[in-house]
Amino acid sequence: MDEQEARFTRLYETYYRNVFGYVVLRAAPQAAEDLTGEVFTVAWRKIDEIPDQPLPWLLGVARNLVRQSHGAAGRARGLVDRLAGLTTETDLHAWDVADHLIARDQAVAALRSLPAKEAEAVTLTAWHGLAPAEAARAAGCSRTAFIVRLHRGRRRLARAIEASQESTARAHGRAPRPRVIQEK
């Protein structure tokens, strides 16, 4: 096995699950494996161009392939819809089901309320664990633009979750939690 084959094998074995996880949240489940395979086909063709930190590069390729295969419309909403279905039965047995289903639904609804680019920024950092510079490369924008999207997304997400919790508390006859006022 030559050095390029060895590097590709390491890349595939290390990052396949990350890339597949990214793609399955953005594409139809039946297309996710094919699209992930296409990402690694591109990686094989461009093996000498892949940076030392390959995950942002791979996710950027995945993002472009998903966008090309399905068009931009509905892509971000598909992510949120897929996140909504991720709770498994084994997860539910460990929790008080009703409380956690309500909390999950509130979080998903709050994420769904974000503009697509802000939802992507939040999920790239929180879900995939990318640093802002890496996530910016994956999102196809500058680090500064990404940080603005992430800041706005986090702020809107927190407000939406808080509003949802207050609404739920009022609906169940409980007093909403007091707001924490942060000094600037």
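Every number here is computed from the coordinates shown, using simple stated rules; none is lab data. Please read all numbers here as calculations on a predicted model, not as lab measurements. Methodologically, a virtual Cβ is constructed for each residue, glycine included, from the backbone with ideal geometry; neighbour enumeration extends over all protein chains shown.
Among 121-128, 109-116, 156-163, sorting by the average number of other beta carbon atoms lying within 10 angstrom of each residue, highest first, gives 121-128, 109-116, 156-163. Among 129-137, 25-33, 5-13, the peptide with the highest mean count of other Cβ atoms within 10 Å heads the list, and the full ranking is 129-137, 25-33, 5-13.
Each of Thr144 and Trp127 was given a label point 7 Å from its Cα along the Cα-to-Cβ line. The distance between the two points is 2.9 nm. Compared with the direct C-alpha span, the chain from Lys46 to Glu33 gains 2.7 nm at full extension, assuming 0.36 nm per residue. When you work out D = kT/(6 pi eta Rh) for region 1-68 at 20 °C and 1.002 mPa s, using the Kirkwood radius from C-alpha pairs as Rh and the Stokes-Einstein form, the result is 180 µm²/s.
Here the extension length gained between Glu3 and Gln53 equals 16.2 nm, from 0.36 nm per residue of separation less the Cα-Cα distance. Size of region 116-160: Rg and Dmax of its alpha carbons, in Å, are 9.3, 27.
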